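Derivation of every value follows stated rules applied to the coordinates shown; laboratory data play no part. Given the structure is predicted, the values throughout are model-derived calculations rather than measurements. Every residue, glycine among them, receives a Cβ derived from its backbone with ideal geometry; neighbour counts consider all protein chains shown.
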Amino acid sequence: MDIEQIPETLTGAIRYFADADKCHEFMVGMRWPNGIRCPRCHSKNIGKLVLPRRIWNCKGCRKQFTVKVGTIFEDSPLGLEKWLPATWLIVNAKNGISSCELARSLGVTQKTGWFMLHRIRLAMQNGGGLTFGGQVEVDETYIGGRARGMNNKQRERRKRNGTGQWNLEPVQGILERTTEAQTSRVRLFHVRRNNRKQLEPNVRKHVSKGAEIFTDALKSYDELGDEYLHKVIDHAECYAKGRIHTNGLENFWSLLKRGLKGTYVSVEPFHLFRYLDEQAFRFNERKDDDKGRFLKAIASFAGKRLMYSKLIGQEDGGSLPQTGTWQTA
Ligand SMILES: [Zn+2]
């Protein structure tokens, strides 16, 4: 496969990846740039490609495999000529894309669109092992909206917690400011509560020691001074004192909320972290072009498999989760 042949634009990509042979050739080139290997036993002793099902016989473990085995596409009856254009659409939609929109563009049902969207989001969880350094902002926000479809018990609990008709989920963000080598990047965490127990470990895990950390006056962070240069901006006083501020994250929050509001009519709290990962991916790769983002996402697809049942939180597959629907505000 010649990477130069891969188109630069959405219309180009849709035309190019409508061809199943080209899709196959592309995936093979992305997965095995140094020659095909069995995804199970890693043998290089592979028979010829068997058409029309595009199967290889491995002479090492005597099993068959396709280019989808071991990737997020495994077990999906949908062809790569649906998956690849879907990936292009999702990674490059600035404010995200809804399952209805995706379904319409690809000619699949909305349920299928929803499933594809979630599988691809999983592949967009980048930077798992990345550590931030230099100047780092840490801040939280609440994402949520008018709670709908609640039963009485849920409504009672809300009254007790004082959130009223609002269903708010705390989200923590860590932002590494732009350096000479790298534009600013974020990591997001859907946390259960805004307390030290939930917030502090994320900082210690994802920010290298000795970094300069900027937070607001939240008590949860007041022990970070042992390993970091911790500087606090008290928002009751002012929003910035020189470089002591969290404006990078404030800007990101408004971007994030605009995306959620414009595109996703309802977000299940259970799935929130996937939406967060999607937005973080696009933000972190914002300097790349459409083709670059697409190739990065595809490159991370191997080895990330998500079964439908795991996705919806049920071991036996089955229907959609029964939590109250969430309206983003
Ligand atoms: Zn094998």
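In order along segment 220-229, the Karplus-derived 3J(HN,Hα) couplings, from 6.51 cos²θ - 1.76 cosθ + 1.60 at θ = phi - 60°, round to 4, 9, 6, 9, 6, x, 5, 10, 10, 8 Hz, and Gly and Pro are given as x. The 3J(HN,Hα) values that the Karplus relation (6.51, -1.76, 1.60; θ = phi - 60°) gives for segment 189-199 are, in residue order, 9, 7, 9, 7, 9, 8, 10, 4, 4, 8, 8 Hz. Gly and Pro appear as x.
The amide H of Arg185, built 1.01 Å from its N in the peptide plane, has Glu176 as neighbours under 5 Å, considering only residues 5 or more places off or on other chains. Sorted fewest first by neighbouring Cβ atoms within 10 angstrom, Trp32, Trp88 come out as Trp32, Trp88. Ranked by the mean number of other Cβ atoms within 10 Å per residue, highest first, peptides 40-53, 195-208 order as 195-208, 40-53. Centre-to-centre, using Cα atoms only, segment 70-144 and segment 167-205 are separated by 20 Å.
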